[in-house]
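The values are calculated or read from the model by the stated rules, or taken from the named source; none is laboratory data. Remember, predicted model here, so these are calculated numbers, not experimental data. Neighbour counts run over all protein chains shown; Cβ positions are idealised from the backbone, glycine included.
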Amino acid sequence: AEAQGTEPPAVPSASDLELELYAGRVRYTIRQYYTVRAQTCFEQATRNEPNVRGTVVVTTVIGATGEVTDSHVARNSTGSDALGKCLAAQIKAWRLPEPPEAPIELDIPFSR
């Protein structure tokens, strides 16, 4: 009989690793170039609702050259629809790194 638990751990596929590296490049690009724009959305939201806190996750579709072809709010725990709409609209104007395959869909979280 075969011993229980002798299966080797699953090794991530090359595409899994590529996607993880790509997601890291996207996060870096957002931190370097777009944080101020996202912050503007939070500032506008807190002007009307001072206690806005939480996370907005924006599902983003990125085309072959890094253009954002679609973005919409996937989850929003802030209670501010205006904040979610502002972030999704901002992201549509962003240029992100070229993905390893296109189109690619990423969930991008923004928290406060």
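Any residue that is of a type outside the set (A, V, I, L, M, F, W, C), crowded, with 18+ Cβ neighbours inside 10 Å and in contact with a helix residue (DSSP H, G or I) (Cβ under 7 Å, 6 or more places away or on another chain) - is there at least one of those in segment 40-51?
Taking segment 40-51 and keeping what is of a type outside the set (A, V, I, L, M, F, W, C), we get 40, 43-44, 46-51.
Those still in the list that are crowded, with 18+ Cβ neighbours inside 10 Å too: none.
No, every residue in segment 40-51 fails to be of a type outside the set (A, V, I, L, M, F, W, C), crowded, with 18+ Cβ neighbours inside 10 Å and in contact with a helix residue (DSSP H, G or I) (Cβ under 7 Å, 6 or more places away or on another chain).
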Listing of helices (runs of 4 or more DSSP H) fully contained in segment 1-96 that carry 3 or more residues being modelled with pLDDT under 95 and not basic (Lys, Arg): 14-29, 35-48
Residue count for segment 68-112, restricted to those that are farther than 14 Å from Tyr34 by Cα and not small (Gly, Ala, Ser): 20
Condition broken by Val56, with the remaining ones in (1) in contact with a Phe, Trp or Tyr (Cβ under 6 Å, 6 or more places away or on another chain); (2) surrounded by fewer than 15 Cβ atoms within 10 Å (Cβ to Cβ) satisfied: (2)
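Find the residue count for segment 97-112, including only residues that are out of contact with any Asp or Glu (no Cβ under 7 Å at 6 or more places or on another chain) and either surrounded by 15 or more Cβ atoms within 10 Å (Cβ to Cβ) or in a loop (DSSP other than H, G, I, E, B) (or both). Show your work before the answer.
Filtering segment 97-112 for residues out of contact with any Asp or Glu (no Cβ under 7 Å at 6 or more places or on another chain) gives 97-99, 101-112.
Imposing the further condition that a residue be either surrounded by 15 or more Cβ atoms within 10 Å (Cβ to Cβ) or in a loop (DSSP other than H, G, I, E, B) (or both) reduces the set to 97-99, 101-104, 106, 108, 110, 112.
Looking only at that region, the number is 11.
What is the residue count in segment 59-98 for residues that are among the hydrophobic types (A, V, I, L, M, F, W, C) and out of contact with any helix residue (DSSP H, G or I) (no Cβ under 9 Å at 6 or more places or on another chain)? Before the answer, list the steps.
Taking segment 59-98 as the starting set, the residues that turn out to be among the hydrophobic types (A, V, I, L, M, F, W, C) are 61-62, 64, 68, 73-74, 82-83, 86-89, 91, 93-94, 96.
Narrowing the set further to residues that are out of contact with any helix residue (DSSP H, G or I) (no Cβ under 9 Å at 6 or more places or on another chain) leaves 61, 64, 74, 88.
Total meeting the criteria: 4.
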